[in-house]
Structures are given as structure tokens and as C-alpha cells.
Amino acid sequence: MESTAKNSLEQNIKAWRKSFQSKSEITEDNLKELEAHLLDEIDALTEKGLSEEEAFLVAKYRIGDKEELSKEFKKVNKFNYWLDKLTPYLIGAIVFTLVSKFYSSISILSYFLVHSIELYVPIIVPSLIIYSSLILALFYGFKYYKKVKLKLKIWTWALILLAIPVFNLLILVLSTKVLQPQDYAEISKTNAILTWIGYASTVILGFFLLLAKYKKRKLQENQFHQID
Amino acid sequence: MSMENFSKELIGASSIPIILSLLSRQESYGYEIIKNIKEISNEKIDFKEGTLYPVLHKLEKKGYIESFWKESDAGRKRKYYKITDKGKKQLSSEQQSWNVINHIMSKLWNQQPKTA
């Protein structure tokens with residue numbers, strides 16, 4: 001009996017914590033501080049004779065709900081709030097810039113491939129193969145990443161992102177040394193096709209990601225209503 | 001907030017000297033600060049958590065107080081705050097201002113100023 005009561009308190013606190021995590025104006029440090037406060041309040045109330053369950057509810061009420069608190073915290077964590085709002089856009093812009101440069105590298109690479117092993121196919125064919133295998137590698141890489149719960153440090157991500165422009169630059173340098181002006185026509189055609197495929201897949205992928213996020217948020221909201 | 005008689009502006013203006021004064025006595029954490037203010041004011045001032053923590057963080061940003069995590073004997077980690085030299089200076093200038101106001105009010109209301 002004792003242990004179930006303790007478990008339910010822990011679960012209550014966990015759910016309470018979770019309800020704040022969607023609020024970027026309340027930092028992890030703020031939340032830890034509020035949690036210590038909540039626990040102190042619960043202790044004081046149980047000493048006065050309330051059950052843990054009752055004490056939790058009263059303490060939660062006194063601390064205030066997330067809307068009320070985040071409004072107050074927003075005033076001090078303004079930078080954090082805006083940074084969090086802007087981060088997805090910044091990441092998107094960086095990835096977009098890098099990826100759009102990447103198409104030209106793929107087309108040049110396939111041009112070399114076609115001509116070096118004397119394959120008589122339009123260069124769009126190897127381009128598409130390289131492109132789709134990269135997408136697949138990304139997809140499975142991401143799945144694996146989620147499965148093993150590998151947490152890469154921020155500089156590892158930066159390094160991975162940096163590898164793309166370095167690769168692009170290498171290909172570019174190589175191509176200016178080897179390619180003739182007439183070669184570029186075919187390359188730029190392939191490039192354009194790849195770019196459009198890229199646009200389309202980004203839009204489709206983005207749509208599904210947004211849909212998934214929206215559904216998840218709905219689900220979370222319903223859960224919190226139940227807790228309240 | 002059970003501070004029916006106090007205007008929002010007055011609470012806003014007095015919260016900083018109150019918190020700095022408390023912290024100049026000893027380092028403390030949010031829960032204890034609220035409890036102490038309640039005790040000293042005979043339960044007339046009851047800070048809400050949503051009000052106190054942002055004020056503490058604002059004071060920290062201004063360099064008047066410093067924070068650090070400390071674990072209690074029971075194993076609970078709490079964020080403590082302590083006053084800095086800059087905070088002490090701020091407090092003494094706040095004290096002067098409040099004394100002046102106190103003096104004016106007492107005069108206007110025909111009372112003997114307590115300390116000026």
C-alpha cells in the first residue's frame with residue numbers, strides 16, 4: 001500500500017513536469033527549481049495531516065498552472081523564448097542551404113561516374129540512385145538513431161553538417177579542373193530535376209511531420225485533461 | 001495572492017528590497033523565502049511562486065544575487081540564492097529611498113516619522 005502511494009506521487013510529479021516541458025520560456029533549470037519547491041510544499045502539507053495525494057493537488061494548485069507561470073517566466077527568459085521559437089527556422093535554413101548545394105555535387109559525381117566507366121545512360125539515372133540511397137540511408141540512420149537512443153553532442157552534428165560543404169567544395173574544385181564547358185549543360189539539367197524532386201520530397205515530408213506533430217499534441221492535451 | 005490591500009505596483013516596487021534584505025541576512029531558496037516573507041509580514045504578504053521566481057531570476061541577471069544548487073541532508077537539491085556586493089549596494093540605496101518615502105508619508109499623515 002505504502003509503495004503504491006509513493007509510486008502514484010512520483011507519477012503525478014512526472015506528469016506535472018511533463019506538462020511544463022512544452023513551454024520553452026520555462027527552462028530545465030527553472031523546472032528543477034519549481035519541482036524542489038513542489039516537494040517542499042508537499043512535505044509541509046503532509047506534516048499538517050494531508051495525504052500525499054491531497055498534498056500534491058494543493059501544492060500543484062499553489063504553484064500555478066503552466067499558462068500562468070510561463071507568462072511570468074517569459075518576462076525573464078525572453079532570449080530563451082525567442083531562441084527556442086527561432087531555432088527550427090534556423091536549422092531549416094541551414095539544412096536547406098546545404099542540401100540545395102548538395103544536388104549539384106550529386107549531378108557532377110554521377111557525370112564522372114557515367115564517363116569514367118563508360119556507362120551509356122543519362123546522368124539522371126545514377127543521380128537518382130545516389131539521391132534515393134542517401135534518403136534511405138538518412139531514414140534508416142534516423143530510425144537506428146532513435147532505437148539505440150544515441151545522443152550525439154552538438155559538435156558532432158556540426159561536424160556532420162560541415163562535411164557537406166567540404167564535400168561540395170572538393171567536387172567543385174575537381175570538376176573545374178576536369179570538366180569542359182559543354183559538359184555543364186547536361187549537369188545543370190540533371191541538377192534542375194534533382195532540385196525539383198528535392199523540393200517535392202521536402203514538402204511531402206514536412207507535411208507528414210507536421211501532421212504527426214499535430215496528432216501527438218492533441219493526444220498530449222487529452223492526457224493532461226485527464227490528469228487535471 | 002492574499003495581499004488584498006496592496007496594489008500590484010506597491011508589491012512590485014517592494015519585492016526587490018524585501019528579497020534583498022532577506023538574502024542579506026542569510027542565503028536562502030525560493031520556498032523558504034516565501035515562508036519567511038509570510039512570517040515577517042504576519043501573513044499579510046504571501047508571494048505566489050509565479051511572481052517570486054521570475055523576480056529572483058531578474059535579480060540574478062542584474063548581478064544583485066547569485067544562485068547555486070545545494071543538496072539537503074535528506075537528499076533534496078534546492079537552488080539557493082545569496083546576495084552579491086552589487087546587491088548590497090543596491091539594497092542600501094533602496095533603503096535610503098524607502099526611508100525618504102516613509103518620512104514624507106509620516107509627515108503628510110501627521111505622524112512622527114519612525115526613522116529617517
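The values are calculated or read from the model by the stated rules, or taken from the named source; none is laboratory data. Not measured: the values here are computed from a predicted model. Note: ideal-geometry Cβ built from the backbone for every residue, glycine included; neighbour counts use all protein chains shown.
Among the listed residues A:L90, A:L45, A:L9, A:L38, identify the single one that is among the aliphatic types (A, V, I, L, M), in a helix (DSSP H, G or I), modelled with pLDDT under 90 and crowded, with 16+ Cβ neighbours inside 10 Å.
A:L9
Would you point out the residue of segment A:48-74, among those that are small (G, A, S) and not in a helix (DSSP H, G or I), that is nearest to B:I33 (Cα to Cα)?
Among them, the one singled out is A:G64.
I'm checking my understanding of the structure. Among residues of segment B:59-77 that are out of contact with any Phe, Trp or Tyr (no Cβ under 9 Å at 6 or more places or on another chain) and either surrounded by 15 or more Cβ atoms within 10 Å (Cβ to Cβ) or among the hydroxyl-bearing types (S, T, Y) (or both), which one is nearest to the other protein chains (Cβ to nearest Cβ)?
B:S72
For (1) free of Cβ contacts under 8 Å to residues at least 12 places away in the same chain; (2) under 19 Å from the mean Cα position of the chain (by Cα); (3) over 30 Å from B:Y31 (Cα atoms), each residue gets a yes or a no:
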position	(1), (2), (3)
A:E54	yes, no, no
A:A59	no, no, no
A:K85	no, yes, yes
A:S110	no, no, yes
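Which one of the conditions (1) surrounded by 15 or more Cβ atoms within 10 Å (Cβ to Cβ); (2) assigned to a helix (DSSP H, G or I); (3) within 14 Å of another protein chain (Cβ to nearest Cβ) does A:F112 fail to meet, given that it meets all the rest?
Condition not satisfied by A:F112: (3).
Take the residues in segment B:78-103 that are touching a Phe, Trp or Tyr at 6+ places or on another chain (Cβ under 8 Å) and of a type in the set (F, W, Y); name whichever of them is surrounded by the most Cβ atoms within 10 Å (Cβ to Cβ).
Top of the filtered list is B:Y81.
Would you check if there is a residue in segment A:75-87 being assigned to a helix (DSSP H, G or I), within 14 Å of chain B (Cβ to nearest Cβ) and of a type in the set (K, R)?
Yes, because at least one residue in segment A:75-87 is assigned to a helix (DSSP H, G or I), within 14 Å of chain B (Cβ to nearest Cβ) and of a type in the set (K, R).
Does segment A:59-87 hold any residues that are aliphatic (A, V, I, L, M) and surrounded by 15 or more Cβ atoms within 10 Å (Cβ to Cβ), and which are they?
A:A59, A:I63, A:L69, A:V76
Could you list, in sequence order, the residues of segment A:185-201 that are surrounded by 15 or more Cβ atoms within 10 Å (Cβ to Cβ) and not aliphatic (A, V, I, L, M)?
Selection gives A:E186, A:T190, A:N191, A:T195, A:G198.
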